[in-house]
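Read the figures in this text as sums done on the coordinates, not as results from a lab. If you're wondering where the values come from, they're calculated on a predicted model, not measured in any experiment. Please note: Cβ atoms are built from the backbone with ideal geometry, for glycine as well, and neighbour counts cover all protein chains shown.
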């Protein structure tokens with residue numbers, strides 16, 4: 001986006017956070033010490049502010065319903081129990097089914113999406129491709145103007161007949177204009193001489209892409225793959241539109257969405273009968289479901305975070 | 001002469017197509033994708049001018065002119081939705097950028113790489129979770145019976161607040177949740193910009209006896225100005241488009257909060273999904289798309305006048 005952003009350095013370092021410390025005069029002024037102290041305090045507080053809600057959910061998922069009802073949510077579980085998790089996994093059919101649906105969509109969607117996006121990004125970055133500007137604009141235009149929710153919904157659900165089909169969700173998440181532009185920017189880092197040398201050796205355009213460029217694009221593939229995987233994993237919106245209750249196994253986040261929204265209804269209906277509310281772990285159940293739905297992301301998080309940083313930085317550099 | 005010219009051009013176009021057929025084929029899946037999912041539904045926007053019914057379809061339903069728009073304007077709905085959408089986005093843009101710059105500057109002061117890594121990891125985390133989970137977290141904190149906030153109030157002897165029926169509290173809540181989720185993510189661009197500032201500027205300032213505050217005021221902030229202007233202008237271009245997932249999962253179908261929380265996206269979603277109202281929702285969507293299009297064009301025109309290299313097109 002601006003010349004102040006040194007893209008090459010960032011790609012090479014694999015992340016801004018890992019950049020070299022700023023070389024400074026050794027002698028620290030009093031104002032330097034004050035600023036640094038403030039920085040450490042504020043950054044710590046803000047990091048805690050970002051983290052605390054997760055701790056709250058985790059702790060609630062290990063609490064008993066009675067404690068939650070009596071004292072509310074807290075940072076530490078006052079009495080440790082696995083009741084909510086036992087409840088979920090007592091009839092694991094639903095949650096295992098949802099896991100399988102979401103994992104399948106995430107893996108296939110990321111792989112196919114990455115392939116198509118990188119192929120397009122490669123072609124659009126080729127300076128000797130006479131239609132690159134036309135196609136770029138054709139793709140970019142979709143971000144400027146859209147038909148809106150209702151016409152799109154009618155077209156996909158009725159005319160394409162995808163209502164109740166996982167494909168309605170799967171296909172629509174395959175790519176976005178932004179990810180294609182991001183890939184095109186990444187492709188710039190491949191020296192043109194490499195493409196030239198491939199041509200001289202008589203390799204076709206697809207072979208140059210697949211055998212020469214792709215192996216050099218690992219950071220880009222990791223970054224864009226991460227964004228794709230996240231959008232598949234976190235998907236609930238398209239499911240609510242196109243799947244509703246037509247499928248037996250809802251994608252994971254949509255299942256969570258339903259658990260959250262029906263648990264309240266369930267509790268209200270139980271409240272009228274003789275069953276004690278506290279026997280039905282609705283609050284802790286919700287929290288445990290939330291942990292189950294977010295779990296894999298938290299486990300993979302340390303490994304994927306650095307690609308995320310380089311992705312946003314490159315993404316901000318306009319194509 | 002003219003005929004010869006055209007044949008030559010046509011020939012060269014055919015030649016171009018033939019020469020780049022592999023590259024064209026490589027673009028084909030993406031092009032087909034955008035035709036099927038983005039271009040094909042466009043004619044459907046005609047629904048906005050009809051009294052749509054399923055039996056007659058989009059182009060068979062009776063034409064009603066601008067009646068759907070008239071209804072929206074007369075009922076005052078369009079104004080409320082536009083106002084809410086724009087005001088929320090303005091708050092997000094202004095507060096978001098200030099916070100992102102502040103975090104980026106302070107992060108740059110942190111010397112310990114370990115501390116920097118850990119705190120960044122914590123700050124990015126909210127960006128990785130789904131909107132559904134954001135809703136869960138907010139409910140966790142704010143609900144009347146068991147919310148952490150009310151638990152705290154009760155412990156200190158106060159009366160719990162019914163937050164989920166207090167419309168006035170929600171602009172603040174939504175803004176805080178938005179900042180919670182996006183500040184760490186947004187600060188990355190500014191942090192990268194700070195890393196790119198010429199070190200000699202800081203050394204010169206130090207030699208001249210500038211304090212840490214003066215270096216921020218006279219070196220860092222002016223260097224961030226172009227990044228800031230461009231980011232803000234582009235967000236202004238998107239000011240008609242709200243963050244649906246956030247609003248829907250925080251507020252949902254809670255009608256008592258709509259006065260202060262309903263934005264264009266949530267209203268359209270509700271119309272389509274729970275009321276099966278395709279005409280009014282298409283009218284709102286078309287209005288949003290046209291208005292938004294004009295705004296992006298204006299923003300891009302301004303950016304182009306400031307610096308041509310930054311413009312999108």
Intensity falloff of the range B:19-174 expressed as log10 I(q)/I(0), Debye formula with alpha-carbon point scatterers, at q = 0.09, 0.11, 0.14 Å⁻¹: -0.70, -0.94, -1.10
Residue order, fewest to most surrounding Cβ atoms within 10 angstrom, among A:101, B:207: B:207, A:101
Sorted by Cβ neighbour density within 10 Å, fewest at the top, the residues B:197, A:38: A:38, B:197
Between the range A:85-126 and the range B:278-313, the alpha-carbon center distance in angstrom: 33
Ranking of A:155, B:248, B:301 by count of other Cβ atoms within 10 Å, fewest first: B:301, A:155, B:248
Rounded FRET efficiency, nearest 0.05, which uses the C-beta distance separating residue B:66 from residue B:154 and R0 of 35 Å: 0.05
Alpha carbon centroid spacing (whole Å) that separates the range B:212-241 from the range A:172-205: 31
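Using only the alpha carbons of the range A:80-125, what is the convex hull's orientation-averaged projected area in square nanometres?
Dividing the Cα hull surface by four gives the mean projection, 4.9 nm².
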Alpha carbon Rg of chain B, scaled by the compact-globule rule 2.2 N^0.38 Å: 1.32
Cα-based Rg of the protein assembly as shown normalised by 2.2 N^0.38 Å, two decimals: 1.04
Förster radius 22 Å - calculated FRET efficiency between residue A:78 and residue B:144, Cβ distance, rounded to 0.05: 0.60
Set of the range B:284-313 residues, backbone N closer than 20 Å to the point 7 Å along the Cα-Cβ line of residue A:133: B:297, B:300-305, B:307-313
Computed Rg/Rh of the range B:198-313, alpha carbon atoms with Kirkwood Rh: 1.22
Residue B:161 versus residue A:38: modelled label distance in nm, points set 7 Å from Cα along the beta carbon direction: 2.8
Residue-averaged [θ]222 nm for the protein assembly as shown, counting only DSSP H segments that reach four residues, each worth -39500 (n - 2.57): -21500 deg cm²/dmol
